[in-house]
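What follows is a set of notes on a single structure, which appears directly below.
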Amino acid sequence: LGDHDLIEGEDVQILDYVLIKFILEENGEVAYLPAATLRPETVYGVTNMWLNPEAVYVRAKVKNGDREEIWIISKGAAYKLSFQDKEIEILEEFKGEKLIGKWVKNPVTEDEIIILPADFVDPDNATGVVMSVPAHAPFDHAALEDIKKNTDLLMKYDIDPRIVENITYISLIELEGYGEFPAVEEAQKLGVEGQNDVEKLEQATKNIYKAEYHRGIFKIEPYKGKPVSEVKDLVAKDMAEKGTADRMYEFSDKNVISRFGNRAVVKIIHDQWFIDYGNPEWKEKAREALANMKIFPESRRTQFEAILEWLDKKACARKVGLGTPLPWDPEWVIESLSDSTIYMAYYTISRAINKYGIKGEQLVPEVFDYLFLEEKSETREEELSEKTDIPKEVLREMKEEFEYWYPLDWRCSAKDLIPNHLTFFIFNHVAIFRKEHWPRGIAVNGFGTLEGTKMSKSKGNVLNFIDAIEENGADVVRLYIMSLAEHDSDFDWKRAEVGKLRKQIERFYELISEFASYEESDVELMDIDKWLLHRLNKAIEGATNALEEFRTRTAVQWAFYNILNDLRWYMRRTEGRDDEAKRSTLRKLADVWVRLMAPFTPHIAEELWEKLGGEGFISLAKWPEPVEEWWNETIELEEDYIKNLIDDIKEIIKVAKLEDAKRA
């Protein structure tokens, strides 16, 4: 499955767990409890094991190549591992409580450690077997201290509380700023009160893991004195070679659901094609490009930076579904999110291809090399024209189109594509194009909900835009969506609110139609007329600045609602007037207002533009700019004073409960 085949979990990572095989000997038989960990180096500090007493575990025969062993893992893990080059034969099913209180041997230190009950162990995460390293794992520390106090639970499983009380923490890592047991200190610093203090424990875990990985020095032989970042891989490699460890791939979030409603698992596919986004030189170029790009909202930059760092080899092809066959291995189809990352470059020349009827066989690789990668050259155009029968004038036209439109100013897409498609977009551009053609910006948008509920095809609550447009009109739909959210925030489609907006747009249409019959003149304006034009300047400035940063909600507020509100106040203040100054002011407002609304309500705007006598299409008309002589901050302050005075008088009347306010 590609990310586009998922309805949940599109942005999950695939975690590479090391399975450390703790040894359980019973009745002359050896079985292994493979504890899944992302920190194999901490195997030297294991004090106990955790199993969920209520979860279903299996004793299974696991065959991997020539090796055949008995493993004890959760039932879910057995299913997942069957997709990862392992033959699984389930011999027995039982609840985890069967193993609580038993002892297993650490395959590295050969210490005997006890299995303790823990309902926090998730059988659906990795193997359902967890090793406890309380000196360096805040969750383990909190859980161990809690269970020491819970003697009733220990007695339930015939565990002598003194055994647990005497468990000694093992210090593995020297970390500047911390003592022997960093997890304990960090938990105390954050005020962790127990294993249910999840939010603080997650923060403590994040702090400790990051600090130990980047700054920690290992204290245990044979890796003593080495950085933890090196020891992690060395320990995993050494254990794998000795057969005391294995691997398991797992999603970072268990809620990875396909479009068919099935829970996805990680499957190992052989002879798969990958793109190596981990290449150091390539990654450095991508870092440089990202650093020079604008990201809207800017808060998403850190996510791009993090993904750019962890992105490594990425499968880019599959054998099912629609797509373009991989040219050198046609049995495989290019995965949709790996494809189409530079198609905007093709857009620049597609018009000419269609216009001149250029055939696919004429578009040899050398043509694309010239158009996208090389400097402009008449000699090169003549050579390519002779080889492909594409007229050199057409090649020149295509080259000039590409050079005009590139670099790409903005790539706009949804936030769920940051971990894949949008980051691939950066990588692939810097791999192919010259630096002057690297992209300049990415704008990220959010998702839509329906009446407060997440849209889901499987649940049937999906907004069909064709139906929405037929019911409300395209302009209403456009304006509603752009007025609800900006950047990566989500919008909520509410039918009742859409109906209200439709009436407001109808009112906008009526007002402009009326103002179209007025004429502009150089007549002397009254202060309230000047106030309206000053406010119109502010709307132009506010809407323009917002649109430059893709803040559509703010832009709509300035271009539509603020002007509508200002116009209401103006009409109230000029009630009874029907003079030339008022008509001229409203005509000026109409001319600006329609152009400000054109990006949001293009169809209505075109019709109103014609009514106003505008030249050509409004989509080609000049965008409004503030008129210098309209600025008048003093008049705005005066008008604000009048508004506040009226509000104060109303409040006094309300508080004093005056029945005859005019007489009073």
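Remark: Gly179 falls outside the filter, which requires a residue to be more than 23 Å from Thr109 (Cβ to Cβ), surrounded by fewer than 17 Cβ atoms within 10 Å (Cβ to Cβ) and in the same structural domain as Leu19 (by TED's automatic domain parsing). The set of residues from the stretch 144-182 being of a type in the set (A, V, I, L, M, F, W, C) and under 28 Å from Val231 (Cα atoms) comprises Leu144, Ile167, Ile170, Leu172, Ile173, Leu175, Phe181. Residues that are at pLDDT 95 or above, among the hydrophobic types (A, V, I, L, M, F, W, C) and more than 18 Å from Trp631 (Cα to Cα) occur in the stretch 516-535; there is at least one. Scanning the stretch 404-420 turns up one or more residues that are more than 20 Å from Ser340 (Cβ to Cβ) and in the same structural domain as His437 (by TED's automatic domain parsing). All of (1) among the acidic types (Asp, Glu); (2) at pLDDT below 90; (3) within 25 Å of Arg411 (Cβ to Cβ) hold for Glu451 with one exception: (3). Do the conditions hold for Met526, that is, is it touching a residue at least 24 places away in the same chain (Cβ under 8 Å) and farther than 23 Å from Cys412 by Cα? Taking the combined requirement at face value, the residue satisfies it.
Among the residues of the stretch 174-213, which ones are in contact with a helix residue (DSSP H, G or I) (Cβ under 6 Å, 6 or more places away or on another chain) and touching a residue at least 60 places away in the same chain (Cβ under 8 Å)? Scanning the stretch 174-213 gives Gln195, Leu201, Ala204, Thr205, Ile208, Glu212.
When the residues of the stretch 454-480 are filtered to those that are of a type in the set (S, T, N, Q), over 26 Å from Glu506 (Cα atoms) and surrounded by fewer than 14 Cβ atoms within 10 Å (Cβ to Cβ), the one that is modelled with the lowest pLDDT is Ser458. For the stretch 65-85, the candidate set comprises residues that are surrounded by 14 or more Cβ atoms within 10 Å (Cβ to Cβ) and farther than 16 Å from Ile268 by Cβ; within that set, the residue that is nearest to the chain's Cα centre (by Cα) is Gly76. From the set of residues in the stretch 630-646 that are within 45 Å of the chain's Cα centre (by Cα) and without any contact (Cβ under 8 Å) to a residue 24 or more places away in the chain, which is farthest from Glu519 (Cα to Cα)? The qualifying residue farthest from Glu519 (Cα to Cα) is Asn644. Which of (1) assigned by TED's automatic domain parsing to the domain that holds Val18; (2) surrounded by 16 or more Cβ atoms within 10 Å (Cβ to Cβ) is the odd one out, the single condition Val265 does not satisfy? Val265 satisfies every listed condition except (1).
A search for C-beta distances below 9 Å between a residue of the stretch 314-334 that is under 26 Å from Gln13 (Cβ atoms) and any residue that is outside any loop (DSSP other than H, G, I, E, B) and modelled with pLDDT under 85, counting only pairs 6+ apart in sequence or on different chains, returns Gly321/Asp5.
The values are calculated or read from the model by the stated rules, or taken from the named source; none is laboratory data. Fair warning: this is a prediction, and the values are worked out from it, not measured in the lab. FYI the Cβ positions are ideal-geometry reconstructions off the backbone, even for glycines, and counts take in every protein chain you see.
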